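Take a look at the structure set out below.
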């Protein structure tokens, strides 16, 4: 005896649901990038830095009393002007001024 069309439809649906669920889950998977991905950018950034791997510091080099004094001078309007660092002055054409 032949299978009725409603039974065939139900069995077809029962077989398709797991397949559709697997396809939907596969679309959510993210591929892992290659280990060398971004190496050129990291190399270019490192080439533009003065020291890409600076040595670790031994700790903070801040003096609390000195910072408190600077803040108080700032509040009072008695800021100490920075000293001239002695940098060279170069004009727009590359000639010293």
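The values are calculated or read from the model by the stated rules, or taken from the named source; none is laboratory data. The structure presented is a predicted model; accordingly, all values stated were derived computationally and were not measured. Cβ atoms come from the backbone with ideal geometry, glycine included; neighbour counts cover every protein chain shown.
When the residues of the range 26-43 are filtered to those that are surrounded by fewer than 10 Cβ atoms within 10 Å (Cβ to Cβ), at pLDDT 80 or above and in a helix (DSSP H, G or I), the one that is farthest from the chain's Cα centre (by Cα) is 40.
Can you confirm whether the range 48-59 contains a residue that is surrounded by fewer than 10 Cβ atoms within 10 Å (Cβ to Cβ), at pLDDT 85 or above and in a loop (DSSP other than H, G, I, E, B)? Within the range 48-59 (the criterion being surrounded by fewer than 10 Cβ atoms within 10 Å (Cβ to Cβ), at pLDDT 85 or above and in a loop (DSSP other than H, G, I, E, B)), the answer is no, since none of the residues qualifies.
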